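Each remark here refers to the structure printed beneath this line.
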Amino acid sequence: MTYLRAAMLPLLFAVGVIALWWLVAWFRLVSPVFLPSPERTFDELAVRFADGSIWLPLSATLERMIVGWLLASLAGVALGAAIGLSPLARDFLSPTLEFLRPLPASAMIPVAILFFGLSEGMAIFVIAFGSVWPVLMSSIFGFGHVRIRLREVAILLGMTKTRFLIKIATPSALPDILAGMRSGLAISLILAVVTEMQASLPGLGRDIFLAQRSFRSTELYAGIVMLGLIGVLINQGLHRAETWLLRWRPQRQ
């Protein structure tokens, strides 16, 4: 019963939002030029799936998002392990990282364009730069808070630093790493859309931007709904992967 209730509440909220959207469109509280009805929006999305016009921009956006996120995850975990486990690395790297961390990822787009041009490399660089920080900070926390008793056990067993990293530190930090990766994945989707809008790269972001400029509101909202669906699906997928990878942890009651 508790599981059914937990599943129904989000669904009821979503239905309520769609119903409110329908009422606003039906009573024309906002001009149809700017706010199409849910029926028109979902019909447009269905047509794009039927004629196949959505697959190319969808695949382009997903590819940029995933590649940038994977690069950010690898860099974040590697740097997080170094900073969390090594005081020397922390003293050496922390000042530079603290300088870079507050910079908005969108502010790096002009810099990336200078180095990479209006290319895939530019988009992936910006996505990786923006989505690395949640992974990095979570990894630093996870590796830096390995239990003292586990460190003592590793010393008693005569473990090398590499074996300690693989056998003890990484499993101990894994819950924090995965939490950071989930946050980073959401950021990577946002930045994939932003770079497509800014650099006019093929993708859902460019389609939404062009639809907005020509007042094709149904296409615009269909693109936004598609992005929302992507966000829900990737979050659920990563949540399930996290549950499977952490199946050794005691479940909360």
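Please treat every number below as a calculation from the coordinates, not as lab data. Please read these numbers as outputs of a predicted model, since none were measured by experiment. Note that we place each Cβ from the backbone using ideal geometry, even for glycine, and neighbour counts take in every protein chain shown.
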Can you tell me which of 63-69, 151-157 comes out highest on packing, and rank the rest after it, using the mean Cβ neighbours within 10 Å?
63-69, 151-157
Quick one: 3J(HN,Hα) in Hz for segment 106-121, Karplus 6.51/-1.76/1.60 with θ = phi - 60°, rounded, Gly and Pro as x.
5, 6, 7, 4, x, 5, 5, 5, 4, 7, 10, x, 7, 9, 4, x
Would you calculate, for the chain, the mean residue ellipticity at 222 nm contributed by helices, counting each DSSP H stretch of 4 or more residues as -39,500 (n - 2.57) and dividing by all residues, to the nearest 500?
-26500 deg cm²/dmol
With the crude spin-label approximation of a point 7 Å out along Cα→Cβ, what separation in nm comes out for Gln236 versus Ala50?
2.4
With each label point set 7 Å from Cα along the Cα-Cβ vector, what nm distance links Ala179 and Arg213?
4.2
Whole-Hz ³J(HN,Hα) from phi, Karplus 6.51 cos²θ - 1.76 cosθ + 1.60, for segment 93-98, glycine and proline x
9, 4, x, 5, 5, 5
Whole-Å distance linking the alpha carbon centroid of segment 13-66 with that of segment 180-253 is 15
Order by protection proxy (mean Cβ within 10 Å, highest first), peptides 191-199, 208-216
191-199, 208-216
Would you calculate the separation in nanometres between label points at Ser59 and Leu97, each defined as 7 Å from the Cα along the Cα-to-beta-carbon direction?
3.7
